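The values are calculated or read from the model by the stated rules, or taken from the named source; none is laboratory data. Keep in mind that this is a model prediction, so the values were computed, not measured. Cβ sites come from the backbone with ideal geometry, for glycine too, and all protein chains shown count toward neighbours.
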Amino acid sequence: MRKNLKLPRILKIEKIVGLKIYVVFNNGETRLLDFDRILKDWDIKESDIENKLYDASEIKKVKLNNQTLSWKNLSIKLMDDKGHEKLYPYEIGPDVLYRLSQDSDVSTKGFGNIVRKARIKAGLTQNELARRAGTTRFYISRFENDKSDIELSTFKRIIESGLRKQLTVKIK
């Protein structure tokens, strides 16, 4: 089982729908950033730079920069290390973004549910699947309920030895 990474970072912008941005974090989770909710929670005023993010066309201008979200169309003035004012793109730290995000319906964590359905269809209990796969019922339960990450070798063992199916991975 892999440990949770301490510093959240965004690896990919999955999709943008209106004021919602779906991102993949370095812990493997696809999470939703609902900027309508975020900006309301922040009590953004018309004079605030973030107010422009209420516009879906401005949200779509987001880019991934240093593993966080960045909007070059929204510039902020900051002092550089020499004390000179300089324009920087508006960014929100990935740790803040992770805290603001919520579980996504397009989460990459659907493998546990797939295994549960296949196990039930095969007429196996969690104990039987665990015994066949060389793991514990507790691990199978945590995995099926998306409470535990899984290594590919363990996943393969559960599929091939436990469920007696063939695992095929396809990358498009």
Check your understanding: Restricting to region 60-101, what's the tally of residues that are outside any loop (DSSP other than H, G, I, E, B) and touching a residue at least 60 places away in the same chain (Cβ under 8 Å)?
Key -> 5
**Study point:** Candidate set: region 116-172, residues that are closer than 26 Å to Phe25 by Cβ and small (Gly, Ala, Ser); chosen: the one nearest to the chain's Cα centre (by Cα)
**Key:** Ser148
Practice item. Kindly indicate whether Leu7 is in contact with a Phe, Trp or Tyr (Cβ under 8 Å, 6 or more places away or on another chain) and either assigned to a loop (DSSP other than H, G, I, E, B) or at pLDDT 95 or above (or both). Key: no
Check your understanding: Out of the residues in region 113-172 that are of a type in the set (Lys, Arg) and assigned to a loop (DSSP other than H, G, I, E, B), which is surrounded by the fewest Cβ atoms within 10 Å (Cβ to Cβ)?
Key -> Lys172
Point to revise | Ile59 vs. criteria in the same structural domain as Leu97 (by TED's automatic domain parsing) and either farther than 14 Å from Gly93 by Cβ or buried (at least 16 other Cβ atoms within 10 Å of the Cβ) (or both) | key: yes
Revision key, fill the gap. Going through region 29-56 in order, the residues found to be surrounded by 14 or more Cβ atoms within 10 Å (Cβ to Cβ), out of contact with any strand residue (DSSP E or B) (no Cβ under 8 Å at 6 or more places or on another chain) and over 20 Å from Glu14 (Cβ atoms) are Leu39, Ile44, Asn51, Tyr54
